[in-house]
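The values are calculated or read from the model by the stated rules, or taken from the named source; none is laboratory data. On a predicted model such as this, the values are computed, not experimentally measured, just so you know. SASA here: full protein model, heavy atoms, side chains in, ligands and nucleic acids out. Shrake-Rupley method; radii C 1.70, N 1.55, O 1.52, S 1.80 Å.
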Amino acid sequence: MHSDWMNMAVTARLGVGQLPDGGGDTEAALTPVEARQLAAALLRQAAAAEHPECDAGTGQVVASYVGGETYAVTTRGHAVLTDQPATAGGDDAAMTPVELFVGALCSCAAFYAGRYLDRHNLDRDALHVTAEFAMATDRPARVRGVTLKIQVPGGIPPAGHAALLAVVSHCTVHNTLQQAPDIAIELT
């Protein structure tokens with residue numbers, strides 16, 4: 001994977017010409033999606049170099065403009081992109097920030113469910129958690145509600161239903177939504 005990004009970066013930088021590995025003439029023809037992926041990879045590398053490991057109780061996430069309505073969101077050397085649907089002026093190349101927000105809740109719940117299943121020697125290979133959400137129709141713009149649906153292939157014993165639901169309802173993202181953090185917005 002890393003070499004694919006490096007080849008793409010070298011191709012984009014060199015344009016028409018020889019690749020360092022001796023390959024023949026090549027044109028830099030990145031699609032918009034490939035360009036965003038390359039940008040995200042480069043931002044991820046820069047973030048990893050600029051921000052050494054944080055304390056266990058703190059963290060930092062950076063959103064950087066990529067182009068159009070696309071942003072690269074990076075932390076600890078990882079990156080995801082966000083975009084807007086075409087109807088909102090974007091390229092629909094990635095999840096919207098709201099979908100990423102709901103996805104964070106969904107994946108956190110899946111992580112907790114998976115750990116529960118693993119501790120109880122139950123199969124989690126085909127575990128799926130689906131989040132259905134609705135936007136509020138009044139102001140301010142926000143998510144009105146989220147329903148999480150946990151699908152455990154093969155099921156779990158009825159005696160474990162309440163315990164699994166209790167564990168999942170205490171995932172970190174759910175806890176944060178239940179006890180909202182203080183949020184400060186500063187111009188730097």
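Compute the Cα gyration tensor for region 118-188, then decide on rounded, prolate or oblate, letting a ≥ b ≥ c be the square roots of its eigenvalues: rounded whenever a/c is under 1.5, prolate when a/b is larger than b/c in the other cases, and oblate in all that remain.
Numbers: a/c = 2.85, a/b = 2.03, b/c = 1.40.
Because a/c hits 1.5 or more and a/b exceeds b/c, region 118-188 counts as prolate.
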Please express the Cα-Cα pair-distance distribution P(r) of region 68-125 as a list of whole percents, one per 5 Å bin, running from 0 to the bin with the greatest distance. 4, 17, 18, 16, 14, 12, 10, 6, 3, 1
Mind grabbing the accessible area of residue 112 for me, 1.4 Å probe, Å², rounded to tens? 60 Å²
If you average the sequence gap of Cα pairs under 8 Å that are 6 or more apart and divide by the length of region 57-110, what percent do you get for the contact order? 22 percent
A correct Karplus calculation of ³J(HN,Hα) over region 142-156, with 6.51 cos²θ - 1.76 cosθ + 1.60, θ = phi - 60°, whole Hz and x for Gly and Pro, returns 5, 7, 7, x, 9, 10, 9, 10, 9, 10, 10, x, x, x, 10
Per residue, in Å², the accessible surface of region 135-188 once ligands and nucleic acids are set aside, probe 1.4 Å: 81 Å²
Expected field for residue 176, accessible surface area in Å² at 1.4 Å probe radius, rounded to 10, holds 60 Å²
Principal axis dimensions, region 35-182 - Cα atoms, whole angstrom, descending: 51, 41, 32
